[in-house]
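Before any comments, here is the structure.
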Amino acid sequence: MQDTVLLNAKKGNVAHAILLYGAKDAREEFAHALSKTLLCTGENKPCGVCGSCKRFEIGTHPDFIVLEPKKSKYIRVDDIRELIVEINTKPFESDKRVVYIKGAGTMNTQAQNALLKSLEEPPQGCVFILGVLKKDELLTTIISRCAAVKIRSKSIADTKNSLMQNGAKEELAHIVSYMSVGTDISATELIKDKKKLELRKEAIMACRVLYRSGGFAYVSKKFKEYIDNAEYMIDIMETVFRDMLVFACGAENIINIDEKQVIINGATYFTKKELLEILQIINALKQQLCYNVVKQLAVEAALLKMMEVKSS
Ligand SMILES: [Zn+2]
């Protein structure tokens, strides 16, 4: 599917709205390859030598518009309105223009509704590419207007190897490549992000202390402090409880290999049933956070539910 889309794009056949869904690193890579191909003015697209390809490679192509959340964590209706004004002017370079909406799931409902008409009747030569982890992050009205393309994930081993070739230590390469599966975390971005790696420790600590006395106060305070990264912290907590369950089931393929003792302790402290329940609560919370909720309240409610699993 993915290859067909690229082949067709080389010939100039492309839907005017394409929805890419799948793991972040592979998705970004494909979105770039596709955009470069669409914008290339040479013969064998992407030729790599035309002015368009060159500008694309150094990140200064004027007709490649990338939209992602700015000040807040969301793409808002005003961002979409600005975009619509921009795409209704003539392209600079050629007759083509590509709009890549990165993490399209961060568009709130209003923003998605504002985009609908442009997706249906885009200005001439304009192609929209929307990227998400899972299709259901978007309104069905958006999905129905796009040609959906499932993105093949890179294998964990490939991701790990390429990180190590770039100088990452094996343990860390293992952790981040596993984490990039099933979450919207990019392994290549995460491994360079010191702040996120420190936050990971906080999230693991949260899993450790939640079930101790005073745990709730500690963890909810931490979430308050890092509320902008609540989704990420929850993703990490999910991997920790997932590891405990995996370990309790006798399997060895745990993600957080640097925290093995935490995993082993958890696997003995909780029953498998309890771990499953905790994972379900985390999953429900993740769904909830996709919508406009007061994050702190949603997190605290979920934390309380997670604690009840043990006391009931
Ligand atoms: Zn070219």
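Derivation of every value follows stated rules applied to the coordinates shown; laboratory data play no part. Keep in mind that this is a model prediction, so the values were computed, not measured. Here the Cβ positions follow ideal geometry from the backbone for every residue, glycine too, while neighbour counts run over all protein chains shown.
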Handout entry: Pair residue 33, residue 280: separation of 7 Å Cα→Cβ label points (nm)
Key = 4.0
Fill in the blank from the handout: Rg from C-alpha atoms of segment 128-233, normalised by the globular rule of thumb 2.2 N^0.38 Å, equals 1.33
Problem - Straight-distance crosslink candidates among aspartates and glutamates, where the alpha carbon sits under 16 Å from residue 96 and sequence neighbours closer than 8 are dropped - result: 43, 63, 86, 121
Exercise for the section: Looking at the chain, send over the antiparallel percent of its DSSP beta bridges, to the nearest 5. Expected result: 0
Problem - Estimated FRET transfer efficiency (residue 171, residue 70; beta-carbon r; R0 41 Å; 0.05) - result: 0.75
Handout entry: Built amide H within the under 5 Å cut-off of residue 149, gap 5+
Key = 19, 20, 21
Fill in the blank from the handout: Taking 0.36 nm per residue of separation between residue 201 and residue 43 and subtracting their Cα-Cα distance, the length gained on full extension comes to 51.9 nm
Practice task
Please express the shape of the chain as an equivalent ellipsoid: the semi-axes are the square roots of 5 times the eigenvalues of the C-alpha gyration tensor, given largest first in whole angstrom.
Solution key: 40, 22, 16
Practice task
Output ³J(HN,Hα) for segment 65-70: one whole-Hz value per residue in order, computed from phi by the Karplus curve 6.51 cos²θ - 1.76 cosθ + 1.60 with θ = phi - 60°, and x for Gly and Pro.
Solution key: 9, 10, 10, 8, x, 9
Problem - CD proxy at 222 nm, helix term only [per DSSP H run n ≥ 4: -39500 (n - 2.57); per residue of the chain; nearest 500] - result: -17000 deg cm²/dmol
Problem - Approximate spin-label separation residue 134-residue 92, in nm, with each point projected 7 Å along Cα-to-Cβ - result: 3.9
Problem - Dipole-positive endmost among 290, 140, 15 within the chain (Cβ charges, Cα centre) - result: 290
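Given the convex hull over the Cα atoms of segment 2-150, what projected area results after averaging over all orientations, in nm²?
Reported value for the Cα convex hull: 8.1 nm².
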Practice task
Have a look at 91, 303, 172 and report the one farthest towards the positive end of the charge dipole of the chain, computed about the Cα centre with Cβ charges (Lys/Arg +1, Asp/Glu -1).
Solution key: 303
Exercise for the section: Using Cα positions and a limit of under 23 Å, work out the lysines in reach of residue 90, with same-chain residues fewer than 8 apart set aside. Expected result: 10, 11, 36, 45, 54, 102, 117
Problem - For segment 193-311, the Rg and Dmax computed from alpha carbons only, in angstrom - result: 13.4, 39
